[in-house]
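Reviewing the structure listed below.
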Amino acid sequence: MNLTSIGEVRRLLAAYGLKPKKSLGQNFLVAAGVLDKIMAAADIRASDLVIEIGPGLGVLTRRLAEAGARVLAVELDAGLVTVLRDVLGDLEDRVRLVRADALQLDYSALLAEMVGPAPAGTGGEPTVKVVANLPYYITSPFVTGFLEAGHPFERLVLMVQREVAARMVARPGTKVYGALTLLIKYHTEAEIVWPVSRHCFYPPPAVDSAVVRLRKRVRPAVAVKRPDLLFVIVRAAFGRRRKMLPNALEGAIPGVDREAWGRILRGAGIDPGARGEALGLEQFGRIADAVVQMGFAPASRDTVL
Ligand code: SAM
């Protein structure tokens, strides 16, 4: 079965009485060349354990499993899960299909179950990768939740909306630079691998896409005393991105008023007249450390708003 053929995809959906659901971002990849790019970016090895979000009809799942990876495929749509059980039946020793909302899943528990001893002859522990043609409405919450949870992983190779890809790799001072950019930069080295036209999908979505690769850093891009505070500050700064920092940050940490933020910023060597969108990760790191050094940090992350 050639799942990169629009005719085949249509026939398969019709055979199961299904139609693509816009609400679940069901745009099926029908471009073999793009699949090749995703596979090359993922650099799949037999020792890999791949989490795939939204396997759909299994076009990518099959490639991943045939390349030797074990795949944890997380699909929300019950109708598609029925299709997947049939079309991936011959790969059941490699593919674990879970019907769940990818935003609600306990990855730690599943990974602990699956990160057992590596298959004979592959040597070492499996390498965890996330490879997915994501439903676009969950991109930001999924990436944020996955990175913040601290799961072990080596890379994420994701098909995302082109504008979101631009946000992921944005530079300070640009319109699309924001909290997502900084979270990704903190944990990973991000790059846009390949632009993808909307016409590579059936049905075509309203926007173009891009494949991004986020490779986990050996250590975070900045060393800060309290990473939790760093991102409380980053989110507050971009939550009111047009405001100067003391105004934007007011209320971000209980008991730290505008005037105190002015002192903290000066302590960190940052102009209190600046806006968050002009600052790099290293400067945000200095602010977070100044909060701690000047005695303004709450005792634990639970006390941070
Ligand atoms: N991987 C397939 C492909 O490349 O053709 C399908 C990709 S399609 C863009 C997104 C897939 O994610 C759909 O199969 C959709 O049902 C599934 N999906 C949507 N929301 C989801 C969620 N919250 N959790 C898991 N899967 C979801």
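Quick rundown of the values:
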item	result
Carbon and sulfur %, accessible surface of the chain computed with the full protein complex present, 1.4 Å	51
Inter-probe distance in nm under a simple model that places probes 7 Å from Cα toward Cβ, at residue 292 and residue 271	2.8
Calculated diffusion of the range 190-249, Stokes-Einstein form, Kirkwood radius summed over Cα pairs, 25 °C and 0.890 mPa s, µm²/s	162
Pairwise label distance in nanometres, residue 198 with residue 66, each label 7 Å out on the Cα-Cβ vector	3.0
Size of charge dipole - the chain - debye, nearest 20, with Cβ of Lys, Arg +1 and Asp, Glu -1, no other charges	940
For the range 153-305: accessible area per residue (Å², 1.4 Å)	47
For residue 72, residues with placed amide H under 5 Å, excluding near neighbours	50, 51, 52, 96
Value of relative contact order over the range 227-303, rounded to a whole percent, pairs C-alpha under 8 Å and six or more apart	35
D (Stokes-Einstein, µm²/s), Kirkwood Cα radius, the range 227-303, 1.567 mPa s at 4 °C	109
Label zone at residue 219 (point 7 Å along Cα-to-Cβ), backbone N below 18 Å, the range 177-196	185-189
Close Lys-Lys pairs in the chain, where close means Cα under 22 Å and separation is 8 or more or interchain	9
Length added when fully stretched, residue 175-residue 2, from 0.36 nm per residue minus Cα-Cα	58.2 nm
Computed helical MRE - 222 nm, the chain, DSSP H runs ≥ 4 contributing -39500 (n - 2.57), nearest 500	-11000 deg cm²/dmol
Placed amide H near residue 30: partners under 5 Å, 5+ positions off or other chain	201, 202
The chain: angle of helix 258-267 to the longest principal axis, Cα-based, in degrees nearest 10	90
Length added when fully stretched, residue 90-residue 189, from 0.36 nm per residue minus Cα-Cα	32.0 nm
Value of D in µm² per second that Stokes-Einstein yields for the chain, Kirkwood Rh from Cα pairs, at 4 °C (1.567 mPa s)	62
With all protein chains modelled, accessible area of residue 250 [1.4 Å, Å²]	70
GNM top mover of 12, 49, 134 - the chain, alpha-carbon springs below 10 Å	12
Length released on extending from residue 78 to residue 137, taking residue separation times 0.36 nm less the Cα-Cα span	19.4 nm
Mean separation of Cα contacts under 8 Å, 6 or more apart, over the residue count of the range 6-216: relative contact order %	22
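The values are calculated or read from the model by the stated rules, or taken from the named source; none is laboratory data. What you see is a predicted model, and the numbers here were worked out from it, not measured in a lab. Cβ sites come from the backbone with ideal geometry, for glycine too, and all protein chains shown count toward neighbours. For the accessible areas, the whole protein counts, side chains as well, though only heavy atoms, and no ligand, DNA or RNA atoms are used. Shrake-Rupley method; radii C 1.70, N 1.55, O 1.52, S 1.80 Å.
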